[in-house]
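Contents: one structure, followed by commentary.
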Amino acid sequence: MKAILNTARTVWQGEAIESGKDLEMYVSAAAICHLNNDQLMQLGIKSGDNVKVISDHGDVIVKAVETKETLPDGMIFIPMGPWANRVVNPHLDSTAMPSFKDTPVEIVPTNENVLDMPTLMKVYGKQNMLD
């Protein structure tokens, strides 16, 4: 399924950062992908299943969750953090910030596991060494 990814800070993600990025609380708050119910149905999954989000900039496994607020058609949302950073455009375009909005992505169901933050950072390091 193709979609447009937007990211932003959330209250839960901010609270979890303060508690510790290596805790399950942070993974539960930031390694998630908000989708509308019709998107879950289109993918043939339920809230709590894992999905792979793929962009031209990378891919990441996150847990699909049914959004509480309806998203615009064709949009998905991942809270800012290392999981979202894996797929957003890393080019700064003189702003000193990557583009956290309007990233074209593909979402596919997966049986792969969501990585915790320390493991995800190790994968980043290995990936960057290969680039």
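Read-outs throughout are calculated quantities, based only on the coordinates presented, and are distinct from any laboratory measurement. What you see is a predicted model, and the numbers here were worked out from it, not measured in a lab. Because the Cβ atoms are built from the backbone with ideal geometry, glycine has one as well, and the counts that use them run over all protein chains shown.
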List the residues whose amide H sits under 5 Å from the amide H of M75, counting only those 5 or more places along or on another chain, with H placed 1.01 Å from N in the peptide plane. I4
Determine the sum of side-chain charges near A3: Lys and Arg each +1, Asp and Glu each -1, restricted to other residues whose C-beta is under 15 angstrom from that of A3. -4
